[in-house]
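The values are calculated or read from the model by the stated rules, or taken from the named source; none is laboratory data. The shown structure was predicted, so the numbers you read here are calculated from the model rather than taken from an experiment. Glycine gets a Cβ as well: all are built from the backbone with ideal geometry, and neighbour counts include every protein chain shown.
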Amino acid sequence: MILPDLRVGRSLKTRNWKLEAGSRNLKNSSRSCLMFHASCFQSNNGLSSITILLLMVFLAITGRVIVSMVDAGHQSYSAHLESTQALYVAEGGLEWVSRALTYVSGSANATSSGQRLFFDVTNNSGGTLTVTGLTASWTWSVPPSDTTQFYETVHINGGSYHNDTVWSYTSAGNSRAGNGEAITFNTGPVVNLTNATTYTFSLFNFKNDETGSTTKGDMTNSIVRVAFVFTPNSITVGRGSFSISVPAVSSGSDAIYISTASVGSASRRLQRASLVRPTF
């Protein structure tokens, strides 16, 4: 009877020991499992920090690129806008100059067998214009036997002027002015044209040679284009401004006005043949 009890006891003790050992193993297993998960959590936390850092760097670079693109687009748009505005201002300059001095239709007159030409212009600029020179060029409706023509003097009449000479070839090295040649007034009074006033300009003593000849010229059947050089020739319009110039042009070509306009950093340049076109 005792032996079975002892066996059982030993058996129970053995079982208890095994159970305890198993419990310890379970605890150790649980502990090792918890430690594993903790290490996993720590590793995931490190990866998350790197990911966030990379994401921040990516967003910063992307934002910089977007800002640069927007800024470049804004600059391109601004440049295009200024260029367009400058074009409108240049067109406005040509419109202004076409009305500043207007040819009086039907006023052209040739006398002395075509050696003297007269034509009227009216100042419609809205203010006083100071004329400092002109460029006259011509073609022919019926060409003469000799189309080479030069004039000796320029005169003005009207307002306070009484057939005053404002340019003379004797003050220009005895060289007469020819087709398409720009001249600067070199004698007589300063030519100030008041607004809404009509003046008569005349080109006198046409000859067939530039210097030294007395051969008479003949401008009958000529179509003359005259471009005046005057100030003020720079006008501010809104944000921009335009300036008017008359370049020297080659013989036989039309005199033209050039309107150069600027708005901001943009500049545009347009040109147009003079609208002062008396036909003799």
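Worth a mention:
Per-residue answers, yes or no, for (1) modelled with pLDDT of 90 or more; (2) out of contact with any Lys or Arg (no Cβ under 9 Å at 6 or more places or on another chain); (3) closer than 21 Å to residue 272 by Cβ:
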position: 167; (1), (2), (3): yes, yes, no
position: 172; (1), (2), (3): yes, yes, no
position: 178; (1), (2), (3): yes, yes, no
position: 183; (1), (2), (3): yes, yes, yes
position: 189; (1), (2), (3): yes, yes, no
position: 203; (1), (2), (3): yes, no, no
position: 206; (1), (2), (3): yes, no, no
position: 211; (1), (2), (3): yes, no, no
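- Some residue of the range 82-93 being under 20 Å from residue 277 (Cα atoms) and either in contact with a Leu (Cβ under 9 Å, 6 or more places away or on another chain) or not β-branched (Val, Ile, Thr) (or both): yes
- Residue selected from the range 231-256 under the condition under 17 Å from residue 137 (Cβ atoms) and touching an Asp or Glu at 6+ places or on another chain (Cβ under 9 Å), by the criterion modelled with the lowest pLDDT: 251
- In the range 116-147, residue surrounded by the most Cβ atoms within 10 Å (Cβ to Cβ) [restricted to those that are more than 38 Å from the chain's Cα centre (by Cα) and assigned to a strand (DSSP E or B)]: 117
- When residues of the range 257-280 are limited to those that are at pLDDT 85 or above and among the polar types (S, T, N, Q), the one farthest from residue 100 (Cα to Cα): 267
Quick grid of which residues meet (1) hydrophobic (A, V, I, L, M, F, W, C); (2) modelled with pLDDT under 85:
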{"position": "59", "(1), (2)": "yes, yes"}
{"position": "62", "(1), (2)": "no, yes"}
{"position": "66", "(1), (2)": "yes, yes"}
{"position": "78", "(1), (2)": "no, yes"}
{"position": "105", "(1), (2)": "no, no"}
{"position": "122", "(1), (2)": "no, no"}
{"position": "125", "(1), (2)": "no, no"}
{"position": "136", "(1), (2)": "yes, no"}
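For every residue, the table says whether it meets (1) free of Cβ contacts under 8 Å to residues at least 40 places away in the same chain; (2) more than 22 Å from residue 209 (Cβ to Cβ).
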| residue | (1), (2) |
| --- | --- |
| 130 | no, yes |
| 141 | no, yes |
| 150 | no, no |
| 158 | no, yes |
| 161 | yes, yes |
| 174 | yes, no |
| 182 | no, no |
| 189 | yes, yes |
| 192 | no, yes |
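- Given (1) out of contact with any Phe, Trp or Tyr (no Cβ under 8 Å at 6 or more places or on another chain); (2) within 30 Å of residue 207 (Cβ to Cβ); (3) crowded, with 19+ Cβ neighbours inside 10 Å, index of the condition residue 101 fails: (1)
- Qualifying residue in the range 206-219 (condition: farther than 20 Å from residue 99 by Cα, of a type in the set (A, V, I, L, M, F, W, C) and exposed (fewer than 13 other Cβ atoms within 10 Å of the Cβ)): no
- Residues of the range 97-115 satisfying the condition of being of a type in the set (S, T, N, Q), under 20 Å from residue 195 (Cβ atoms) and assigned to a strand (DSSP E or B): 102
- Selection within the range 105-127 - at positive phi and without any contact (Cβ under 8 Å) to a residue 40 or more places away in the chain: 106, 112
- Looking across 168, 222, one residue alone is surrounded by 15 or more Cβ atoms within 10 Å (Cβ to Cβ), of a type outside the set (A, V, I, L, M) and touching a residue at least 40 places away in the same chain (Cβ under 8 Å). It is 222.
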